[in-house]
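The values are calculated or read from the model by the stated rules, or taken from the named source; none is laboratory data. Remember, predicted model here, so these are calculated numbers, not experimental data. FYI the Cβ positions are ideal-geometry reconstructions off the backbone, even for glycines, and counts take in every protein chain you see.
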Amino acid sequence: MRADEPAADGPTRLVVGPFNRVEGDLEVRLDVAGGRVEGAFVSSPLFRGFERILEGRDPRDALVIAPRICGICSVSQSHAAALALAGVEGIVPTANGRTATNLLVATENVADHLTHFHVFFMPDFARALYADRPWFSTAEARFKAAQGTAVRAALQVRATLLHVIGLLGGRWPHSLAIQPGGVTRGADARDQMRLVATLGAVRQGLEERLFGAPLEAIAALSDPADLARLRQGTSDLALFLAIAEDLELAGLGRAYDRYLSYGAYPGADGPLYARGTFAGGVPGSLDTALIAEDHTNARMEGRGRAHHPFDGFTLPDAADEDGYSWCKAPRLGGAPYETGAVARQMVDGQPLVRALVAAGGGSVFVRVVARLVETARTLIAMEQWVRALEPGAPWCAQGTMPREGRAAGLTEAARGALGHWLRVVDGRIASYQIIAPTTWNFSPRDQAGVPGPLEAALVGAPVRQGETTPVSVQHIVRSFDPCMVCTVH
């Protein structure tokens with residue numbers, strides 16, 4: 001982190017990074033004037049090249065290679081790869097396979113939500129910077145990094161939850177359990193009972209400490225006044241609500257209030273969380289043909305036009321002097337969209353999240369609330385999915401890989417919309433393009449100069465006198481729960 005010389009007759013420039021408690025490398029350039037951020041330029045400084053690694057290989061190699069993009073959302077990457085392969089093969093997973101896959105993906109997503117709240121986000125409020133606040137002693141006792149009582153308890157609950165992946169997937173991360181036609185291992189009646197017991201233990205832990213209320217009560221929240229009443233308790237959620245009100249987190253980090261979701265956890269009657277968009281105050285359909293990646297400010301060749309992922313490529317530009325990030329700029333219909341739990345709940349119509357966004361826009365506060373509400377909703381669904389498993393029924397459908405074909409695998413990781421676009425030519429991967437959630441959220445400016453969602457959300461953030469790593473900027477960045485290694489694959 002460093003402060004550069006002020007530009008002549010211009011704002012002071014701060015370069016902030018790397019960020020602690022963020023997955024991967026991140027650097028943010030801030031133009032600061034009058035104690036506020038005037039402009040932000042978000043950089044993903046590490047190029048990894050998984051899309052290039054996949055080219056020329058047997059398409060089924062994607063099931064082994066793509067999940068290794070990341071160690072904390074490998075199941076989601078595996079699911080996207082399996083969906084792309086299933087599309088090329090023209091097969092549909094069995095009912096058991098679909099349900100087991102939902103359980104695997106949901107386990108990882110809920111575990112990520114718990115990690116974000118307890119390990120990445122809340123420890124910022126246990127810093128000496130906030131020692132004068134009335135809630136500080138409680139926040140320090142519960143959330144001090146690696147020491148807080150709530151952190152330790154949450155990690156125990158998370159470890160219990162990951163037993164679901166152990167039972168159904170064999171290991172985590174980088175399980176090979178998810179296949180185009182379902183899953184590699186079935187569950188018998190004994191496994192089913194162990195899954196019920198595991199989720200019961202997770203429910204108990206979260207109801208007692210995180211929520212201070214039944215999961216059903218959190219999932220059913222619809223009125224901001226009902227949420228505010230939860231401040232009266234002693235739960236971790238109550239503490240967060242008190243901190244958020246005191247620091248006015250509902251007024252911090254608003255981007256475009258424009259959201260997209262590919263739909264999460266498919267079922268016989270549709271996904272648990274709907275597919276679509278929410279923009280301009282109204283829900284809408286999602287046409288993936290309108291997705292394109294702009295390379296204007298990425299260190300990539302192909303700046304002349306935006307590229308749909310089926311036509312896209314990842315070629316680093318060795319002569320580049322203009323790009324400021326290895327992240328491309330994905331756009332839907334030419335516009336930047338935010339993705340994540342808040343997007344899923346907005347698109348799905350969760351009444352509390354929609355009411356909060358309608359009242360004050362998307363913000364640090366709303367993003368965290370959306371994750372917590374989604375955690376409760378998803379755990380309830382997981383309990384239902386476990387009981388829906390049929391031990392004697394098929395777990396995986398078989399298919400044949402054609403010599404030619406293309407398909408997109410679209411799923412929802414914890415951090416939002418994840419897409420894999422696969423083209424097969426002459427039995428080999430001709431191109432493999434990935435747009436990760438943080439690619440959407442942390443994208444650079446496009447050809448029209450329009451900032452990505454985080455760049456927009458940082459504008460207006462307060463900067464205290466003498467700050468070189470503004471705490472408000474840290475809160476905003478962490479509210480998106482970035483995964484930078486996925487961003488540039």
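I'd like to check something: does the stretch 375-388 contain any residue that is modelled with pLDDT of 95 or more, among the hydroxyl-bearing types (S, T, Y), in contact with a His (Cβ under 9 Å, 6 or more places away or on another chain) and more than 20 Å from A279 (Cβ to Cβ)? Yes, the stretch 375-388 contains at least one residue that is modelled with pLDDT of 95 or more, among the hydroxyl-bearing types (S, T, Y), in contact with a His (Cβ under 9 Å, 6 or more places away or on another chain) and more than 20 Å from A279 (Cβ to Cβ). For the criterion of being among the small types (G, A, S) and under 25 Å from I243 (Cα atoms), A436 fails.
Just name the residue that is modelled with the highest pLDDT out of those in the stretch 281-299 that are small (G, A, S) and in a loop (DSSP other than H, G, I, E, B). Only one residue fits best here, namely S285.
In the stretch 319-334, the residue that is nearest to the chain's Cα centre (by Cα) out of those that are surrounded by 15 or more Cβ atoms within 10 Å (Cβ to Cβ) and small (G, A, S) is A329. Restricting R133, R158 to residues that are of a type in the set (K, R) and either part of a helix (DSSP H, G or I) or under 19 Å from the mean Cα position of the chain (by Cα) (or both) narrows the list to R158. Taking the residues in the stretch 426-467 that are touching a strand residue (DSSP E or B) at 6+ places or on another chain (Cβ under 9 Å) and assigned to a strand (DSSP E or B) as candidates, determine which candidate is farthest from L114 (Cα to Cα). Across the stretch 426-467, the extreme among qualifying residues is A430. With respect to the conditions (1) under 16 Å from A84 (Cβ atoms); (2) modelled with pLDDT under 95, M401 lacks only one, and its number is (2).
Scanning the stretch 359-395 for residues that are touching a residue at least 40 places away in the same chain (Cβ under 8 Å) and outside any helix (DSSP H, G or I) yields G361, G362, S363, L389, E390, P391, A393, P394, W395.
With respect to (1) surrounded by 14 or more Cβ atoms within 10 Å (Cβ to Cβ); (2) under 21 Å from M382 (Cα atoms); (3) at pLDDT below 95; (4) not β-branched (V, I, T), the lone exception for F211 is condition (3).
For every residue, the table says whether it meets (1) within 14 Å of the chain's Cα centre (by Cα); (2) small (G, A, S); (3) part of a strand (DSSP E or B).
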| site | (1), (2), (3) |
| --- | --- |
| R406 | no, no, yes |
| G409 | no, yes, yes |
| V424 | no, no, yes |
| T469 | no, no, no |
| D481 | yes, no, no |
| V485 | yes, no, no |
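Considering only the stretch 267-286, I want to know if a residue exists there that is of a type in the set (G, A, S) and surrounded by 23 or more Cβ atoms within 10 Å (Cβ to Cβ). Checked the stretch 267-286: no residue is of a type in the set (G, A, S) and surrounded by 23 or more Cβ atoms within 10 Å (Cβ to Cβ). The residue that is nearest to P451 (Cα to Cα), among those in the stretch 240-265 that are crowded, with 20+ Cβ neighbours inside 10 Å and among the aromatic types (F, W, Y), is Y259. Where helices (runs of 4 or more DSSP H) fall wholly inside the stretch 167-280, the ranges with 3 or more residues that are in contact (Cβ under 8 Å) with a residue 40 or more places away in the chain and closer than 26 Å to L104 by Cα are 189-205, 215-219.
Taking the stretch 281-299 on its own, how many of its residues are under 26 Å from V42 (Cβ atoms) and either polar (S, T, N, Q) or free of Cβ contacts under 8 Å to residues at least 12 places away in the same chain (or both)? Break it down stepwise before answering.
Narrowing the stretch 281-299 to residues under 26 Å from V42 (Cβ atoms): 286, 288, 290-299.
Still in the list and also either polar (S, T, N, Q) or free of Cβ contacts under 8 Å to residues at least 12 places away in the same chain (or both): 288, 296-297.
Number of matching residues: 3.
Just checking: which of the strands (runs of 3 or more DSSP E) contained wholly in the stretch 1-103 hold 1 or more residues that are small (G, A, S), modelled with pLDDT of 95 or more and buried (at least 16 other Cβ atoms within 10 Å of the Cβ)? Spell out how you get there, then give the answer.
On the way: elements: 12-16, 27-33, 36-43.
Output list reads 36-43.
Run down F120, F143 and say which single residue is out of contact with any Pro (no Cβ under 6 Å at 6 or more places or on another chain) and not basic (K, R). Explain how you work it out, then say what you get.
Values: F143 fails: out of contact with any Pro (no Cβ under 6 Å at 6 or more places or on another chain).
Residue meeting the stated conditions: F120.
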